[in-house]
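Below is one structure; the comments refer to it alone.
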Amino acid sequence: MKGKKFYIETLGCQMNKLDSELIAGMLANMGYSATDYADDADLAIINTCSVRQHAELKALSKLGHLHHLRRKHGKPSTIAIIGCFAQRSPEYIRKHASYVDIICGPADLDRLPQLIEDARNEKKQIAVSDFRAIRSGRQKYPERLESLDTNRIVNKNQRQAFVRVQRGCDKFCSYCVVPYVRGPEQSRPPEKIIDEIRKLDNVGCREITLLGQTVNSYHCVENGKTVTLADLLYRVHNNCSVPRIRFVTSYPADFSTEILEAMAKLERICPYLHIPAQHGSNRILKLMNRKYSVEQYIELIDTARKIVPNISIAGDFIVGFPDETDDDHQCSLELIKRIRYKNCFIFKYSVRPGTLAEKKFSDNIPDEIKTKRFIELQELQDKIALEDNRNLIGQTLDVLVEGISKKSKTNPSPDGKVQLSARTTDDKIAVFDGTEDLIGQIVPVRIFDVSSLTLFADTV
Ligand code: 5AD
Ligand code: SF4
């Protein structure tokens with residue numbers, strides 16, 4: 001295998017980014033090296049998302065491009081589509097992108113080395129799990145999958161890392177495809193999580209983000225006792241010296257006060273929650289099969305702010321859900337005003353085949369109205385974030401430098417200085433001019449100006 005090259009492109013969420021990183025390590029172990037050029041690769045992988053239709057169309061267009069390169073240059077020799085779209089639509093992909101060599105779902109990624117080997121001998125390889133059979137108990141959950149995370153190859157320069165604590169989701173929000181493509185909720189054993197974090201700590205990792213689709217419902221039985229997310233936070237904090245520990249994404253129901261108390265007590269747990277409300281109307285929340293009311297959500301955020309001072313809150317909202325009225329939409333605007341989020345990810349409802357909403361409701365909000373409501377939420381959120389960020393002007397904050405900012409990448413300054421992009425403990429983005437050797441370090445900066453999403457700073 002020596003001398004082979006792989007190319008990998010990742011669409012979608014942080015879970016996919018982590019999967020791609022783990023796969024890159026696995027391929028390096030097999031003797032592959034990474035390339036940024038698909039037409040120079042022996043193996044090209046697209047790691048896909050299914051959460052909205054747009055993401056699937058993007059994956060198909062990327063596949064089409066790889067096919068075009070192969071016809072023109074003979075490379076990439078092997079084309080693989082992996083992740084959520086591969087899991088959801090293997091037959092569709094086989095039919096409409098028949099040149100694809102490997103189709104592999106998120107619960108089968110540990111099998112990639114064998115699939116790559118087999119794809120060289122036989123034509124097409126398809127590996128997707130039967131989550132229905134697993135949910136009904138007819139099949140066992142594929143424990144082999146653990147090896148993907150436990151065999152993680154840690155890069156010695158790694159300063160930020162995702163660590164999976166939970167797989168899948170059992171919530172079945174009516175609009176969402178995740179429970180179907182990532183399978184049933186499974187919490188990873190705490191000792192495996194700690195082992196992985198120790199490896200990252202040993203190379204000087206500065207920030208760890210614990211990942212789960214509904215991370216606060218983490219629970220794992222160990223010696224007859226249940227370990228909760230709050231317990232896990234204490235354990236992680238006590239077993240590593242990583243200066244920043246975060247966890248995402250939280251589900252508003254079953255969020256315990258113990259988690260907030262752990263955040264308040266443990267100084268290296270970052271004061272930040274990504275906790276999507278999805279909507280501000282109880283009527284729509286019910287149709288969405290979200291198991292909480294707006295009042296409960298507000299009470300939870302108020303409690304979080306009481307127990308963890310200066311906590312920042314990020315959220316997600318969906319506009320244009322079936323039957324959403326102007327009054328319902330007003331309720332989302334009201335909730336955004338009431339919560340004052342640090343930032344919100346706002347999405348236009350996209351009907352997903354196989355979900356409860358697809359079966360029960362019609363996608364009856366015209367796209368122009370979805371767009372109008374989207375813009376209204378976004379503008380309100382931007383206004384609030386700008387007001388709140390203005391209070392930071394003049395303050396000095398510690399930031400973890402993540403890399404060179406987009407602006408500097410596209411438009412480098414002639415004096416060799418770069419604009420660096422960094423993050424505060426409560427997840428705000430700060431940019432400042434500095435030298436590249438600061439990347440990966442935590443440094444104090446002084447804020448002199450702000451926009452709704454960016455703090456502009458100077459080194460102190
Ligand atoms: N349409 C639009 N947005 C969706 N999300 C999940 N499913 C859909 C869908 N069908 C959004 C939710 C979720 C985020 C990851 O994507 O807001 O929190
Ligand atoms: Fe999807 Fe709901 Fe699970 Fe989040 S909690 S992944 S929105 S089903």
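Summed over segment 351-384, the residues that are surrounded by 13 or more Cβ atoms within 10 Å (Cβ to Cβ), of a type in the set (S, T, N, Q) and assigned to a loop (DSSP other than H, G, I, E, B) give a count of 1. In this entry, Glu21 is excluded by the filter for residues that are within 16 Å of ligand 1 (Cβ to nearest atom) and assigned to a helix (DSSP H, G or I). Val163 fulfils the conditions (1) out of contact with any Leu (no Cβ under 6 Å at 6 or more places or on another chain); (2) not hydroxyl-bearing (Ser, Thr, Tyr); (3) not assigned by TED's automatic domain parsing to the domain that holds Met26 except for a single criterion, (1). Considering segment 259-306, and only residues there that are without any contact (Cβ under 8 Å) to a residue 60 or more places away in the chain and among the hydroxyl-bearing types (Ser, Thr, Tyr), the residue that is surrounded by the most Cβ atoms within 10 Å (Cβ to Cβ) turns out to be Tyr297.
What number of residues within segment 169-185 satisfy the criterion of being free of Cβ contacts under 8 Å to residues at least 60 places away in the same chain and either under 17 Å from the mean Cα position of the chain (by Cα) or within 25 Å of Gly320 (Cα to Cα) (or both)?
Initial filter on segment 169-185 (free of Cβ contacts under 8 Å to residues at least 60 places away in the same chain): 169-170, 179, 184-185.
After this cut, where a residue has to be either under 17 Å from the mean Cα position of the chain (by Cα) or within 25 Å of Gly320 (Cα to Cα) (or both) as well, the list is 169-170, 179, 185.
Number satisfying all stated conditions: 4.
Could you identify the single residue in Pro179, Pro184 that is in contact with a Phe, Trp or Tyr (Cβ under 7 Å, 6 or more places away or on another chain), under 30 Å from Phe361 (Cα atoms) and either away from ligand 1 (no atom under 16 Å from the Cβ) or not assigned by TED's automatic domain parsing to the domain that holds Pro252 (or both)? Walk me through it before giving the result.
Numbers: Pro179 fails: either away from ligand 1 (no atom under 16 Å from the Cβ) or not assigned by TED's automatic domain parsing to the domain that holds Pro252 (or both).
Only one candidate qualifies: Pro184.
Taken over segment 32-74, the criterion of being part of a strand (DSSP E or B) and small (Gly, Ala, Ser) is satisfied by Ser33, Ala34, Ala44. Since Glu387 meets every condition but one in (1) charged (D, E, K, R); (2) exposed (fewer than 13 other Cβ atoms within 10 Å of the Cβ); (3) modelled with pLDDT under 95, which condition does it not meet? With (1) charged (D, E, K, R); (2) exposed (fewer than 13 other Cβ atoms within 10 Å of the Cβ); (3) modelled with pLDDT under 95 applied to Glu387, the lone miss is (3).
Can we say Asp118 is in contact (Cβ under 8 Å) with a residue 24 or more places away in the chain and either away from ligand 1 (no atom under 16 Å from the Cβ) or on the phi < 0 side of the Ramachandran plot (or both)? Criteria not met by Asp118.
The values are calculated or read from the model by the stated rules, or taken from the named source; none is laboratory data. Given the structure is predicted, the values throughout are model-derived calculations rather than measurements. Note that each Cβ is placed from the backbone with ideal geometry, even for glycine, and that neighbours are counted across all protein chains shown.
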